[in-house]
Amino acid sequence: MREIVFEIKDFLKKDFNIYIYSFTVIFLGASILFNYTYNFDNGFIDKSFGKIYGSGVYFLYYLIPYLIVLILSLVIKKQTYKLKQREFWVKVITFFGIFGISIAFYQYRKLLTLFADNSSEANFLIKIFGNLKRIIPFLIVFYIIKRIYDKNDNHLYGLRYKGMNYKPFFIMLLLMIPLIAAASFLPSFQHSYPQFKFWRYSNAYDLESNRLYGIFLFAYAMDFVSIELLFRGALIIGMAKVLGREAVLPMVAAYVFIHFGKPPGEAISSFFGGFILGIHSLSKKNIFGGIVIHVGIAFLMELAAVLQHFYGK
C-alpha cells in the first residue's frame, strides 16, 4: 500500500492545480447530479443503441467530457501546443471511436439466435457475446496504433505481467468486502446485480447452472480487461507520450461517464478508483493492477448479489 500512496503523493505534488482539480470535481459532480436526476444516460443516450447513428452518439458522449477536462487543463498550464500533435488526434479519435462502435454494435443479436433452440439459449449467447465483443477489436486496433506510434514498447499499453507488486491490490479487495456487503442490501444494487440472472438461462444447452455461470464469469472478466486496456492502457500509457501527466484527469472524466448506467454510488466511486488506477498505470506502465481490482470487485459484487438472491429474502 505504501507504494501506491507514494505514487499518489508524488503525482499530486507535481500535477495538482487548485483550479483544474476544482473544475473537474464540480463538472463531474454536476454531471452525476444531472444524469441521475433526469435519467439522462438510460433514458436518452441509450435510445441510440441499435440505431445507425449510435456509434457517433457514444463516441461523442465519452469524448466530450474527456476533451473538456483536457483542454481546460492545458489552457491553465499553458500547454495547448500538445493539442497540435497529429499523434494526439489520431489516438484519441481511434480510441474513442472503436469504443463507440463496440458499444453500439448490436447486429450480432439476430445472428446468435441461429445457434439457439430456445429463448434461454438465445439470452445466454447474447449475454456472453455482449461481454466479449470489445476485447478482440480493442486488441487488433490498439496493436495497429502501437505499431505506428509506440513500436519501441515491448507491451501492448500495459498488458504485461512484469513490474508489478500485486499485494496492495489484493489488500484493497479485502478492504472492499464489507463495503460491498453493505451495498448489497440497497434496492439499487439488487436491481442491477447479479449481472448473470440465473432464471433467464436455465438449462441452456443442457448445461448445469454452475457451468453456465463459469462461462459467464470468464466473459465478464474479459469485458473488464477490455475496459482497463482502454482507460488505463490506451488513454493513460498510450496518451502519456503526447500528454504526459495531463493524461490522467481527462481519462477519469470519461471513466465516470461510462458508469452513469449503474447505481449512483458506483459512478461516484469510479472517480476515485479511476484516478488511483490511472496514476498507478502511468507510474508502472502496467494495467494488471487495475485488472485485479476491476475483476475482483466485479466478482465480489456478483457473489454478494447471488447470496442476497438465495438467502437475503
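Any read-out appearing in this document is the output of simple, stated calculations on the displayed coordinates, not a laboratory observation. Remember, it's a predicted structure, so these values are computed and weren't measured experimentally. Note that we place each Cβ from the backbone using ideal geometry, even for glycine, and neighbour counts take in every protein chain shown.
Which of THR24, THR80, THR113 comes first, and how do the rest follow, when ranked by fewest Cβ neighbours within 10 Å?
Ranked by crowding around the Cβ, least crowded first: THR80, THR113, THR24.
Cross-link candidates for LYS262: which aspartates and glutamates have Cα within less than 12 Å, leaving aside residues fewer than 8 places away along the same chain?
Here the aspartates and glutamates satisfying the reach criterion relative to LYS262 are ASP41.
How charged is the neighbourhood of PHE288? Take every other residue with its Cβ under 10 Å from the Cβ of PHE288, and add Lys/Arg as +1 and Asp/Glu as -1.
Value of the local net charge: +3.
Compute the long axis of helix 2-15 from its Cα atoms, compare it with the longest principal axis of the Cα atoms of the chain, and write down the angle in degrees, 0 to 90, nearest 10.
50
Quote the Stokes-Einstein diffusion coefficient, in whole µm² s⁻¹, for region 208-313, based on the Kirkwood radius over alpha carbon pairs, a temperature of 4 °C and a viscosity of 1.567 mPa s.
In µm²/s, the coefficient is 88.
How big is region 1-50 along each principal axis, measuring the range of its Cα positions in Å and listing the largest first?
Per principal axis, max minus min of the Cα coordinates gives 43, 25, 17 Å.
For ILE98, what is the net charge nearby, where nearby means another residue's Cβ is under 14 Å from its Cβ and Lys, Arg count +1, Asp, Glu -1?
Taking every Cβ under 14 Å from that of ILE98, the sum is +4.
Using the number of other C-beta atoms within 10 angstrom as an exposure proxy, rank HIS259, HIS280, HIS309, HIS191 with the fewest first.
Neighbour counts put them in this order, fewest first: HIS191, HIS309, HIS259, HIS280.
Quick one: longest stretch of the chain between exposed loop chymotrypsin sites (Phe, Trp or Tyr not before Pro), exposed meaning at most 15 other C-beta atoms within 10 Å and loop per DSSP?
The longest uninterrupted stretch comes out as 186-313.
Once phi is turned into θ = phi - 60°, what whole-Hz ³J(HN,Hα) does the Karplus curve with 6.51, -1.76 and 1.60 give for every residue of region 176-189, x standing for Gly and Pro?
7, 4, x, 5, 5, 4, 5, 5, 5, 8, 7, x, 5, 5
Using only Cα atoms, find the angle between the long axis of helix 135-149 and the longest principal axis of the chain, and express it within 0 to 90 degrees, rounded to the nearest 10.
It is inclined by approximately 20 degrees.
Over all distinct Cα pairs, what is the inverse of the mean 1/r for region 101-231, reported as the Kirkwood hydrodynamic radius in Å?
Mean inverse Cα-Cα distance, inverted, gives 17.6 Å.
Once the other residues with Cβ under 12 Å from the Cβ of ALA122 are scored (Lys, Arg +1; Asp, Glu -1), what is the net sum?
Result for the local shell: +2.
Under 16 Å between alpha carbons, and skipping anything fewer than 8 positions from LYS110 in its own chain: which lysines qualify?
Hits, sequence-local ones excluded: LYS51, LYS127, LYS133.
With the dipole of region 2-311 worked out from charges on the C-beta (+1 for Lys and Arg, -1 for Asp and Glu) around the Cα centre, which of ALA204, ASN123, MET172 lies farthest toward the positive end?
My answer, from the dipole projection, is MET172.
So what is the 222 nm mean residue ellipticity for the chain from helices alone, if each DSSP H run of at least 4 adds -39500 (n - 2.57) and you divide by all residues, rounding to the nearest 500 deg cm²/dmol?
-22500 deg cm²/dmol
Cross-link candidates for LYS91: which lysines have Cα within less than 18 Å, leaving aside residues fewer than 8 places away along the same chain?
Correct list for LYS91: LYS82, LYS146, LYS151, LYS241, LYS285.
So how strong a dipole does the chain carry about its Cα centre when Lys and Arg Cβ are +1 and Asp and Glu Cβ are -1, to the nearest 20 debye?
920
So if I restrict to the alpha-carbon atoms in region 2-311, what is the Rg, and what is Dmax, the biggest pairwise distance, in Å?
Radius of gyration, then largest Cα-Cα span, for region 2-311: 19.7, 62 Å.
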